[in-house]
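The values are calculated or read from the model by the stated rules, or taken from the named source; none is laboratory data. Here the structure is a predicted model, which means the values were calculated and not measured. Note that we place each Cβ from the backbone using ideal geometry, even for glycine, and neighbour counts take in every protein chain shown.
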Amino acid sequence: MAIVAGIDGCRGGWVCLTKDLATGQTHACILDRIGELLTLKPRPRIVTIDVPIGLTDSGPRACDLQARALLKRPRSCSVFPTPIRPVLAAESYPAACQIGQKADRRKISRQTWAIMPKTLEVDACLRTRPVLQRRIREVHPEVCFCVWNSNKAMTCKKESRPGREERETLIESRYGHDYRMAQESLPRGQYNNDDLLDAFAALWTAERIAAGGAITLPAEPGVDAWGLRMEIVA
């Protein structure tokens, strides 16, 4: 049974969409912790997730630079600077900025700090279970939507009504019924609709990986000090 999954962080944990490629059946749920992937039945063989995985010790990742170049302005700003690995030890935002300034001559952004708990969670999971990286791949939803849209980036922010509508147009064309079912079945208050849109973008890419049609930024990604790939797939 070929199962793929697309995941995005949310208030309640992680929005997880799984699809059986044989039957076309899609299921939506909220995972409290990313480690719950190990207990999903049946277990997905390909998982795409919107969170930085491989991290540099200093300097930007090539995949982030290429993602910004692909999206161009103004959507390039949606690719937040990925934290360098030393910053993961920080216990506060000021401490993170101090570490970043000392190690990399740049402070950490508020947006990057806001997703730090998710980054730490996935990083710890993959470092303690490196075999999982065979099936867990990093995506960026805006890159996914861009490639999905014939390499044309979305024109509006996803938080705006026009931005939501243009992303929904893509999702409705492929996952219309599944999108509505997910909205009805997921527990209210644990996620925003933006999270669901991004999870569907990740699921679309998971299907592309399974079919052998995905692209990788960069084409030959490097690995970090823990052997984790520094890539963005779409």
Report summary line: Among L55, L37, L17, the single one that is under 17 Å from E138 (Cβ atoms), of a type in the set (A, V, I, L, M), under 17 Å from the mean Cα position of the chain (by Cα) and modelled with pLDDT under 95 is L37
**Report entry** Subset of the stretch 202-223 (residues that are surrounded by 13 or more Cβ atoms within 10 Å (Cβ to Cβ) and either in a helix (DSSP H, G or I) or charged (D, E, K, R) (or both))
**Finding:** A202, L203, W204, T205, A206, E207, R208, I209, A210
**Report entry** Residue that is at pLDDT 95 or above, among the charged types (D, E, K, R), within 18 Å of the chain's Cα centre (by Cα) and closer than 26 Å to A22 by Cα, where the choices are E172, E231, E142, E207
**Finding:** E207
Requested in this report: Collect the residues in the stretch 140-172 that are outside any helix (DSSP H, G or I), hydrophobic (A, V, I, L, M, F, W, C) and either in contact (Cβ under 8 Å) with a residue 24 or more places away in the chain or under 18 Å from E231 (Cβ atoms) (or both), keeping them in residue-number order.
Outcome: A153, M154
Query raised in the report: Any idea how many residues of the stretch 202-222 are more than 13 Å from V4 (Cβ to Cβ) and touching a residue at least 12 places away in the same chain (Cβ under 8 Å)?
Result: 6
Requested in this report: Taking R188 as meeting all but one of (1) of a type outside the set (D, E); (2) assigned to a loop (DSSP other than H, G, I, E, B); (3) touching a Lys or Arg at 6+ places or on another chain (Cβ under 7 Å), write down the number of the exception.
Outcome: (3)
Report summary line: Taking the stretch 1-60 and keeping only residues that are among the basic types (K, R), more than 30 Å from A96 (Cβ to Cβ), surrounded by fewer than 21 Cβ atoms within 10 Å (Cβ to Cβ) and in contact (Cβ under 8 Å) with a residue 12 or more places away in the chain, one is left with R43, R45
Query raised in the report: Any chance the stretch 75-93 includes a residue that's among the small types (G, A, S), within 18 Å of C10 (Cα to Cα) and not in a loop (DSSP other than H, G, I, E, B)?
Result: yes
